[in-house]
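Since the structure comes first, as structure tokens, the remarks are kept for the end.
The values are calculated or read from the model by the stated rules, or taken from the named source; none is laboratory data. Nothing here was measured: the structure is a model prediction, and the numbers come from that model. Glycine also receives a Cβ, built like all others from the backbone with ideal geometry; neighbour counts cover every protein chain displayed. Side chains are part of the model used for accessible areas, which takes the heavy atoms of the whole protein and leaves out ligands, DNA and RNA. Shrake-Rupley method; radii C 1.70, N 1.55, O 1.52, S 1.80 Å.
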Amino acid sequence: MKVIGAGLPKTGTTSLGAALKVLGYSVHDHEEHLVFNLENYLKLIYEGADASLLKKMYGDVDAVVDTPSCFFWRELMQQFPDSKVVLGVRDSPEKWYDSVLSHCQYMQAANWWDNNKWYSPLVMLLSPTVRAFNRLYNFISVKAVIVNVWSAPKVTSPRAPLGMNPLILKNHYHDYNDAVKQGVPADRLLVFNVKEGWGPLCQFLGQPVPDCPFPRENQAKGDGAVPVVDQMNKIDLVKNIRYEIAMNVGYIAIGVGVLGLGIRLLAPRVTLLKESLPWIN
């Protein structure tokens, strides 16, 4: 592990990951965290697994960005003492809040397996993967204070259509960034806005500046679509949800069918028994 991306979600994490790949680093972004280490993160979060597990998870990876790895920046620094930390930031807390709000709005609309749908309890029951996702995203929501979508003091205005509390979120953005700045030695930390381009990043990492534009990934489209959300819905792990649901619905259908057949086969015997033994009634 050479580079730890400690920036909160929506601070250019996808662009930073793409830039690191151009520089020759192997990178795990949010998608790779889910595909390769979903169960390991649940062990770290809920089962008290030792932080040394992170070394096994990322021993062959050069860099990590985005959630949930960004919330383990302290532990990752300890496990990889030669690594450097890049703290992604936005122009202002307001810009970050707007991006988070847009992302959450689109995610709730686009993710058919999201836990805010009327059929979500059924999907949770039928899919172990969705149950694992929800356990992880509950942690991410609390750490990123996106949990305020549901539980913070509500704000009813065009600026907070999901009930998000702008003040709490913006304060959290400041507090989180301050914690990273105070917790990482200055010689191991780069506070980085992707708008700055290759210069600061390459100087910090001791890499030559590539002869290509700095990547600008996951920018919301004109219709509000967020590319990384659409991409998430195409990964095999999410596709597996459909398979799990179909298989479990099939098992339930078979079970109901067998039960129905059993009732039909037993009904005449029960009738005959009643007729031969009137005292049963």
Exercise. List the pairs whose first member sits in the stretch 24-49 and is in contact (Cβ under 8 Å) with a residue 60 or more places away in the chain, whose second member is of a type in the set (Lys, Arg), and whose Cβ atoms are under 8 Å apart, counting only residues at least 6 apart or on separate chains?
Worked result: 42/135; 45/135; 46/135
Problem set entry | Test set (1) of a type in the set (S, T, N, Q); (2) touching a Gly at 6+ places or on another chain (Cβ under 6 Å); (3) surrounded by fewer than 18 Cβ atoms within 10 Å (Cβ to Cβ) - residue 11 fails condition number | (3)
Exercise. Do any helices (runs of 4 or more DSSP H) entirely within the stretch 112-198 hold 1 or more residues that are at pLDDT below 90, farther than 24 Å from residue 32 by Cα and not acidic (Asp, Glu), and if so, which?
Worked result: 120-126, 148-151, 166-183
For this session: Select from the stretch 164-201 the residues that are in contact with a Gly (Cβ under 7 Å, 6 or more places away or on another chain) and of a type in the set (Val, Ile, Thr) and list them in ascending order.
Result: 194
Problem set entry | Positions within the stretch 24-64 being open to solvent by 10 Å² or more (accessible area, probe 1.4 Å) and in contact with a Leu (Cβ under 7 Å, 6 or more places away or on another chain), in sequence order | 27, 35, 38, 40, 43, 44, 53
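Matching residues to (1) modelled with pLDDT of 75 or more; (2) of a type in the set (A, V, I, L, M, F, W, C):
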| residue | (1), (2) |
| --- | --- |
| 229 | no, yes |
| 234 | no, no |
| 241 | yes, yes |
| 246 | yes, yes |
| 251 | yes, no |
| 256 | yes, yes |
| 259 | yes, yes |
| 266 | no, yes |
